[in-house]
Amino acid sequence: MTTTLFKVSRRGRQAVVVRLRSLGRERGDVPGWVMITLMTAGLVAILMGLAKPQLAAMFQRAMDMVNG
């Protein structure tokens with residue numbers, strides 16, 4: 001005699017089968033996420049290129065104040 005943890009209606013089984021079949025067709029929005037990631041990396045690179053001299057000078061001034 002087999003025991004089941006829960007009983008699933010026929011309608012419930014059909015819903016699960018339909019969902020499982022549709023999983024293979026869903027591809028998501030990968031190109032959109034790739035573009036967002038690349039644009040963010042590009043903005044960071046541009047901002048770092050512009051701000052690097054000022055950040056280095058600010059750091060040097062802070063170190064000079066600490067060292068006396």
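Along region 37-54 the Karplus relation, 6.51 cos²θ - 1.76 cosθ + 1.60 evaluated at θ = phi - 60°, assigns HN-Hα couplings of 5, 5, 5, 5, 4, x, 4, 4, 5, 5, 5, 5, x, 6, 9, 4, x, 5 Hz to successive residues, with x for each Gly and Pro. Extension gain for A51 to M65 (0.36 nm times residue separation, less C-alpha to C-alpha distance): 2.9 nm.
Computed from the coordinates by the stated procedures, all read-outs in this text should not be read as laboratory data. Every value quoted in this text rests on a predicted model; they were computed, and no experiment measured them.
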